[in-house]
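All remarks here apply to the structure that follows.
Computed from the coordinates by the stated procedures, all read-outs in this text should not be read as laboratory data. The shown structure was predicted, so the numbers you read here are calculated from the model rather than taken from an experiment. Note that each Cβ is placed from the backbone with ideal geometry, even for glycine, and that neighbours are counted across all protein chains shown.
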Amino acid sequence: MFRLGNISIPSRCLLAPLAGISDLPFRMLNRSFGCEYAFIEMVSARALVYTNRNTLKMLDTGIEDRPLGLQLLGNDPKVMARAVDIVNQMPVDSIDLNAACPVNKVTGRGEGSGMLKDPENIEAVLRVMVARSAVPVTIKIRTGWDSSSLNAVEVAKRAEQAGVAAVFVHGRTRQQGYSGLVDYDAIKEIKNSVSIAVAGSGDILNAELAKTMLDETGCDAVMIARGALGNPWIFKELPAFINSGGAFPAPKKSEICIVMSQHLDEMCGYHGEEQAVKMFRKFFGWYLKGLAGSHALKSRAFKARKKDEMQLLIDEMIKK
Ligand SMILES: Cc1cc2nc3c(=O)[nH]c(=O)nc-3n(C[C@H](O)[C@H](O)[C@H](O)COP(=O)(O)O)c2cc1C
């Protein structure tokens, strides 16, 4: 059970925010496998306030797509206040502040993990968000900007004082990007420093790693990010292991191919064939990761333009 303000989520495994990935078909697919909390792709508060059309498309959701978090990127309290007013009109269950994105263009504006350099402003932004928001506010952080400025505990405490309902921590610094060791000690320290919910993120790639994170840090939940790429089964595998130590059998190749077809179909219906097939190329590789005989098919998938071409490659994989 993970408690987010007044929301109780039965599972301790959340789908992490994934820009460029977490569209409605991806979220719904993972939900069909047991995911109980998902996030819409990160949205720039400024783009939302100035209603950029691509941003509005990203905000598409459905009745079954709940409970749902929306993550805002931004560091200006005034803009964030206006963005929260807009989000209040949408069917979402929590609003998250992104203080974790490592991309240069973002941090260069002092947004994303760039915010970690100014904890006072983080608190100011969160206070405004909490005051305006109709739903619980959360924050996603890293352990610090770099190894010489590990300030996640200070940021988490400020977040708690500002009235935030939960802190999500990617256990790496901004300098580490997406590689290197995940700092369980830092997550544990945060968990021990605040009384609000804490969820850990970083290399939750299988059930053992999820259990290690929960056991070693004492965090309330884990966030699944790269572990969910081409692997919605992770939402069955993790709870089975965490709750009763049970092993979840790896999906058979035929089952993987059925889910791939279903995912491709949903994406084509949602994005239109041309865009969906381009986007599915990456998923093709992720789904077949480690499967014998998939290498040549992956290269061909990267050139596929039509849904039928992609489907034929999936059919070929079944026969291998
Ligand atoms: C493709 C991709 C997109 C991501 N987008 C976001 C995002 O929009 N917001 C965010 O807070 N984190 C984002 N993350 C970070 C993840 O949520 C997660 O914290 C990070 O990948 C560490 O978990 P992992 O090692 O299990 O992948 C992204 C990560 C990846 C790989």
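Some points to look at:
- Crossing angle, helix 273-287 versus the chain [Cα axis fit, 0-90 degrees, rounded to tens]: 90 degrees
- Pairs of lysines in the stretch 2-244 whose Cα atoms sit within less than 27 Å of one another amount to 26, provided the residues are eight or more positions apart or on different chains.
- Residue (of SER8, GLY218, ILE40) at the positive-pole extreme of the chain, dipole from beta-carbon charges: ILE40
- Total charge dipole magnitude, the chain, about the Cα centre, Cβ charges on Lys, Arg, Asp, Glu only, Debye to nearest 20: 760 debye
- Three-way shape call for the stretch 164-233 based on the alpha-carbon gyration tensor, with the a/c threshold at 1.5: prolate
- Cα point-scatterer Debye curve for the stretch 2-244, base-10 log of I(q)/I(0) at q = 0.14, 0.16 Å⁻¹: -0.84, -1.13
- Among GLN89, GLN71, GLN161, residue whose mean-square fluctuation peaks in a GNM of the chain (springs only between Cα atoms under 10 Å): GLN89
- Loop-located chymotrypsin sites (Phe, Trp or Tyr not before Pro) in the stretch 7-104 (DSSP state not H, G, I, E or B) with no more than 13 neighbouring Cβ atoms inside 10 Å: TYR50.
- About the Cα centre, charge dipole magnitude for the stretch 188-320 (Lys/Arg +1, Asp/Glu -1 at Cβ), debye: 580 debye
- Degrees separating the helix 152-162 axis from the principal Cα axis of the chain, which is the longest one: 70 degrees
- The chain: angle of helix 77-87 to the longest principal axis, Cα-based, in degrees nearest 10: 50 degrees
- Each DSSP beta bridge with both residues in the chain is either parallel or antiparallel, and the antiparallel ones are about 10%.
- Descending Cα extents along the principal axes, the stretch 91-151, whole Å: 37, 20, 18
- Panel order for HIS295, HIS271, by other beta carbons found within 10 Å of each beta carbon, from fewest to most: HIS295, HIS271.
- Signed unit charges on C-beta, dipole axis of the chain, positive-most listed residue GLY74, VAL169, VAL155: GLY74
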